[in-house]
Amino acid sequence: MPIEKFVTVQTSFVPMPIENVDTDQIIPARFLKATTKDGFGDNLFFDWRYDKAGQPKSDFVLNNSAYTGTVLVAGKNFGSGSSREHAAWAIAGYGFKVVVSSFFADIFRNNSLNNGVLPVQVSEVFLAGLFDAVETNNKAEVKVDLENQTISNVSTGASEHFEINTYKKSCLMNGYDDIDFLLSLEKEIAAYEKQAVKF
Amino acid sequence: MGKTLFDKIWDSHVVKTIEDGPNVLYIDRHFIHEVTSPQAFGGIKARGGKVARPDQVIATPDHNIPTINQHLTIQDELSRHQVETLKKNCEENGITMYGLNHPYNGIVHVVGPELGITQPGMTIVCGDSHTSTHGAFGSIAFGIGTSEVEMALATQCIMQPKPKRLRINIEGELAKGVTSKDIILYIIADVSTGGGTGYFVEFAGSAIRGLSMEARMTICNMSIEMGARGGMIAPDETTFEYIKGREQAPKGEQWNKAVNYWKSLCTDEDAVFDKELHYAAEDIEPMITYGTNPGMGAKVRGNIPALETIEDSSKNSFQKSMEYMGFAAGDKIEGKPVDYVFVGSCTNGRIEDLRSFCDAIKGKQKAEGVTAWIVPGSKQVEKQALAEGLKEQLEMAGFELRQPGCSACLAMNDDKIPEGKYAVATSNRNFEGRQGPGSRTLLASPLTAAAAAVTGVVTDPRTIFNF
């Protein structure tokens, strides 16, 4: 199943200067009872976003119309904890194309990439610069260029290179997914099985 | 140059290497449960494909199931639908499933080892981050997302960048009343929840060698809580002794062949790790968490860190966490009131955990005002607990033995900690709302849980039990 091709984005962004945002916060476990990938965006950050009566909490950033854009900028160690891909579905479903942080948990990083959401790891200094920029002007913009692997703070002109392996970059840019590739390896997999240690 | 245990197993499972990309890794055993598999089966169906190696896939529903009245239908409609979807997908694809009320049902990471499915040298995945548990047997086992579950179902392979190698050495002898849960909470408190990110961990040293398989599983189970891809322990006589005779263990001549191969699975003396950490077992005391991630842990008889010891950039997150917990920086932890005690989960829901809880509370009574849920990790554990008379022991002390499942670890079933209440839990995560919206979790060992259960407050188990 092809994923949506990633194109360069320049947009205002949503700041979330909180560290160690775990996948239980991104999508609480009680929302994992679905058997499809649809509708998770509505429950993104549910317990931070809504009060007990289901009303939006005014102090949470997603409920503040001053902050918009398809890029989420978060504190370090984003996506730790549970392997639930529902977290990536919720972020994609909400409309985010990119998550920026100074550090990502491994499984979340893989899950995001498999859903066409680009995790961009930046330095602490660059991250702080983005938070400063948005504090001054809540429509401050960030530009993410996957082809050249650069991210820019449009307000300050600061720019940084980010890492992504060539294979995954090509998948995102062309909208390929891993399963098509793995299915094409049927013969290699069968050959591997013939020589593998088994008891 | 020699190879690490991790390299030996990983390298022997690489089907193809992609330049500046991930490895195509062959998967020997794939465990599935009801929560993270339906969309993967849906994907396969949408492509018109099929499950490639159904005999290498094992299913058990665990997250959604109730822990009382399991003979009745699951009451929650969405939970029931998810469990029924797993059954249907397994039937359509020829996958063995240990469903609700099956004698082998239970938490997937308890079931695999106790049936002998988990063996040294294997690659094992499951759409569940605590798959790292199986690394206790000297296998490479780790959690994956649902896209990867689909890959593994469709091709028996996944795409994975090779992690770096980290060895954590714990030398010496643990003091009485200190358990493997305390070892892992101590390490995570030291390195933080991101300290292992990018690495695969080998736990080594005399303190690790001296642990039972159950205790080793507890340590490997929580390696994900330091961000590590997984954790593993080289197989030895303790491992072989545990596996021997189990239902799916190799038998006869195959057993001897297997053991010979398993004995080769160790890190060579001259192998090099990307990073090594060293701890002394004697420094480790009963541990407990006070915050909202597993790295926020301290000695039970210690204090919550003072605010001035927290880095400036982390102060906001720390204070948010303290506010959620209803604690203050610098507070003494011992003596904090406890409303709930939960013993169970893939971290500490094995027979040894139930035994140690029961031994500890012998002659004592559950504190008034404490609600305690003692939940076996599987039907096999439940059966063993009944055979050993643990149920009677628990009931005499005012406790109840429930039926197996993930229970209060993650609030997907009926076992939820109410808002604002404090739970000492033997599970693995203390995130906000993990045990139910507004719940406040303090992670600890079964012994520290027992001490809280009989006193009603956070208590160092060494001060009230004789070990």
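Of the strands (runs of 3 or more DSSP E) lying entirely inside region B:350-445, those containing at least 2 residues that are out of contact with any Lys or Arg (no Cβ under 8 Å at 6 or more places or on another chain) and not polar (S, T, N, Q) are B:422-425.
Selection of region A:120-156 for residues being out of contact with any helix residue (DSSP H, G or I) (no Cβ under 9 Å at 6 or more places or on another chain) and either acidic (Asp, Glu) or at pLDDT below 95 (or both) yields A:132, A:135, A:145.
Scanning region B:55-77 for residues that are farther than 22 Å from residue B:342 by Cβ and over 25 Å from the mean Cα position of the chain (by Cα) yields B:71, B:72, B:73, B:77. Taken over region B:1-18, the residue count meeting the criterion of being more than 9 Å from chain A (Cβ to nearest Cβ) and not hydroxyl-bearing (Ser, Thr, Tyr) is 10.
For the subset of region B:420-437 comprising residues that are more than 22 Å from residue B:334 (Cα to Cα) and surrounded by fewer than 24 Cβ atoms within 10 Å (Cβ to Cβ), which member is farthest from the other protein chains (Cβ to nearest Cβ)? In this case the residue turns out to be B:436. Residues in region A:88-107 that are closer than 26 Å to residue B:311 by Cβ and more than 7 Å from chain B (Cβ to nearest Cβ): 5 in all. Residues of region B:205-233 that are closer than 22 Å to residue B:115 by Cβ, away from every other protein chain (no Cβ under 12 Å) and not hydroxyl-bearing (Ser, Thr, Tyr): B:211, B:213, B:214, B:215, B:216, B:217, B:219, B:220, B:221, B:231, B:232, B:233. Answer yes or no as to whether residue B:370 is among the β-branched types (Val, Ile, Thr) and within 19 Å of residue B:455 (Cα to Cα). Yes.
Within region B:52-68, if we keep just the residues that are in contact (Cβ under 8 Å) with a residue 60 or more places away in the chain and open to solvent by 10 Å² or more (accessible area, probe 1.4 Å), the residue that is farthest from residue A:197 (Cα to Cα) turns out to be B:68.
Residues are listed down the side, and each one gets a yes or a no for (1) buried (at least 19 other Cβ atoms within 10 Å of the Cβ); (2) away from chain A (no Cβ under 14 Å):
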position: B:154; (1), (2): yes, no
position: B:160; (1), (2): yes, no
position: B:167; (1), (2): yes, yes
position: B:170; (1), (2): yes, yes
position: B:173; (1), (2): no, yes
position: B:177; (1), (2): yes, yes
position: B:180; (1), (2): yes, yes
position: B:184; (1), (2): yes, yes
position: B:188; (1), (2): yes, no
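Exactly one residue among A:24, A:42, A:38 is closer than 30 Å to residue B:40 by Cβ, in contact with a Phe, Trp or Tyr (Cβ under 9 Å, 6 or more places away or on another chain) and part of a loop (DSSP other than H, G, I, E, B), and that residue is A:38.
Residue check: is residue A:110 more than 22 Å from residue A:46 (Cβ to Cβ), within 9 Å of another protein chain (Cβ to nearest Cβ) and within 20 Å of the chain's Cα centre (by Cα)? In short, yes. Kindly evaluate residue B:289 against the criterion of being touching a Leu at 6+ places or on another chain (Cβ under 8 Å), among the polar types (S, T, N, Q) and at pLDDT 95 or above. Against the criterion (touching a Leu at 6+ places or on another chain (Cβ under 8 Å), among the polar types (S, T, N, Q) and at pLDDT 95 or above), residue B:289 qualifies. Select from region A:152-199 the residues that are within 12 Å of another protein chain (Cβ to nearest Cβ), within 22 Å of residue A:97 (Cα to Cα) and not small (Gly, Ala, Ser) and list them in ascending order. Once the filter is applied, which keeps residues that are within 12 Å of another protein chain (Cβ to nearest Cβ), within 22 Å of residue A:97 (Cα to Cα) and not small (Gly, Ala, Ser), region A:152-199 yields A:163, A:164, A:165, A:166, A:167, A:168, A:169, A:171, A:176, A:177, A:178, A:179.
Considering region B:300-324, the residues that are in contact (Cβ under 8 Å) with a residue 40 or more places away in the chain and under 27 Å from residue B:174 (Cβ atoms) include one that is surrounded by the most Cβ atoms within 10 Å (Cβ to Cβ), namely B:300.
For residue A:31, the test of being open to solvent by less than 30 Å² (accessible area, probe 1.4 Å), in contact (Cβ under 8 Å) with a residue 40 or more places away in the chain and of a type in the set (Phe, Trp, Tyr) is failed.
Evaluating residue B:147 against the criteria (1) facing chain A (nearest Cβ under 10 Å); (2) modelled with pLDDT under 95 leaves one unmet condition, (2).
Restricting attention to region B:19-63, the residues that are part of a strand (DSSP E or B), closer than 11 Å to residue B:152 by Cβ and within 9 Å of chain A (Cβ to nearest Cβ) total 1.
Only one entry in B:5, B:25 is in contact with a Phe, Trp or Tyr (Cβ under 9 Å, 6 or more places away or on another chain), crowded, with 19+ Cβ neighbours inside 10 Å, closer than 26 Å to residue A:197 by Cα and aliphatic (A, V, I, L, M), namely B:25. Of all residues in region A:49-85, those satisfying the criterion of being modelled with pLDDT of 95 or more, touching a Gly at 6+ places or on another chain (Cβ under 9 Å), of a type outside the set (Ser, Thr, Tyr) and within 21 Å of residue A:30 (Cα to Cα) are A:84, A:85. Residues that are more than 10 Å from chain A (Cβ to nearest Cβ), over 21 Å from residue B:3 (Cβ atoms), open to solvent by less than 10 Å² (accessible area, probe 1.4 Å) and part of a helix (DSSP H, G or I) occur in region B:271-285; there is at least one. Residues that are of a type outside the set (Val, Ile, Thr), within 11 Å of another protein chain (Cβ to nearest Cβ) and part of a loop (DSSP other than H, G, I, E, B) occur at least once in region B:296-315. Considering region B:325-342, and only residues there that are touching a Lys or Arg at 6+ places or on another chain (Cβ under 7 Å) and not charged (D, E, K, R), the residue that is surrounded by the fewest Cβ atoms within 10 Å (Cβ to Cβ) turns out to be B:326.
The values are calculated or read from the model by the stated rules, or taken from the named source; none is laboratory data. In this text, all values refer to a predicted model and were calculated from it rather than measured experimentally. Don't worry about glycine lacking a Cβ; one is built from the backbone with ideal geometry, like all the others, and counts go over all protein chains shown. Areas reflect the complete protein model, heavy atoms only, side chains present, ligands, DNA and RNA absent. Shrake-Rupley method; radii C 1.70, N 1.55, O 1.52, S 1.80 Å.
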